[in-house]
Amino acid sequence: VTETFTTRSVRGTVKLGRELAERFGRGDCLALVGPLGAGKTVLVRGLTAGWGVPDERCVASPTFVLVREYEGTLPVFHMDLYRLDHADADLPGLGLAEMLSEGVVVIEWADRAGEGLPKPHWRIDIEPTGPRSRTVRLAHVV
Ligand SMILES: Nc1ncnc2c1ncn2[C@@H]1O[C@H](COP(=O)(O)OP(=O)(O)OP(=O)(O)O)[C@@H](O)[C@H]1O
Ligand SMILES: [Mg+2]
């Protein structure tokens, strides 16, 4: 089952993230997929706000550290695999299982992890459909 959402502004994508956050919690892995500038990080800002992370503005792509952790109502682990050359092989070694035992994990460029992603996980595809419009698809991958 795939759910489809449409947003027409950055604020709309943040709002969608805040609303979707209510569905997920400790042990959930969200795999974000979409091209450069699709809005993955914008959606993560909404998700973290929904999980009670105090200042949504400090959420940025964890480009140089691989994982950033935020404290909300639960621990939030934010990863970006864009610069990881062998993400499928490296992901388990980053402590993913431990992160999932503590909180929720959100991964940008998750398609780079291939079979390294945990099962089940939630896949979120973001497709730019215009300068300010985005189609967001949510699917449970088991
Ligand atoms: N409806 C929208 N939702 C999200 N972002 C939008 C929207 N319309 C325009 N944008 C613009 O698209 C860009 C999204 O940037 P963002 O950093 O979230 O992308 P990303 O998918 O994380 O890219 P990267 O792969 O580089 O990490 C921003 O410049 C933002 O202003
Ligand atoms: Mg990003």
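Computed values, structure above
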{"quantity": "Of all residues making up the stretch 119-135, the number that are over 12 Å from the mean Cα position of the chain (by Cα) and crowded, with 19+ Cβ neighbours inside 10 Å", "calculated": "1"}
{"quantity": "Residue among Glu115, Glu71 that is open to solvent by 70 Å² or more (accessible area, probe 1.4 Å) and out of contact with any helix residue (DSSP H, G or I) (no Cβ under 8 Å at 6 or more places or on another chain)", "calculated": "Glu71"}
{"quantity": "Lone unmet requirement of (1) touching a strand residue (DSSP E or B) at 6+ places or on another chain (Cβ under 9 Å); (2) modelled with pLDDT of 95 or more for Ser101", "calculated": "(1)"}
{"quantity": "Selection within the stretch 3-26 - in a loop (DSSP other than H, G, I, E, B) and open to solvent by less than 40 Å² (accessible area, probe 1.4 Å)", "calculated": "Ser9, Phe24, Gly25"}
{"quantity": "So Ala97, is it within 13 Å of ligand 2 (Cβ to nearest atom) and open to solvent by 10 Å² or more (accessible area, probe 1.4 Å)", "calculated": "no"}
{"quantity": "Residue that is modelled with the lowest pLDDT [pool: residues in the stretch 74-94 that are within 16 Å of ligand 2 (Cβ to nearest atom) and buried (at least 17 other Cβ atoms within 10 Å of the Cβ)]", "calculated": "Ala87"}
{"quantity": "Glu127 vs. criteria away from ligand 1 (no atom under 13 Å from the Cβ), modelled with pLDDT of 85 or more and of a type in the set (D, E, K, R)", "calculated": "no"}
{"quantity": "Residue within the stretch 93-100 that is under 15 Å from the mean Cα position of the chain (by Cα), of a type outside the set (Val, Ile, Thr) and assigned to a loop (DSSP other than H, G, I, E, B) present", "calculated": "no"}
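The values are calculated or read from the model by the stated rules, or taken from the named source; none is laboratory data. From a predicted model like this one, the values you see are computed outputs, not experimental measurements. Quick reminder, even Gly has a Cβ in these numbers, built from the backbone with ideal geometry, and neighbours come from all protein chains shown. For the accessible areas, the whole protein counts, side chains as well, though only heavy atoms, and no ligand, DNA or RNA atoms are used. Shrake-Rupley method; radii C 1.70, N 1.55, O 1.52, S 1.80 Å.
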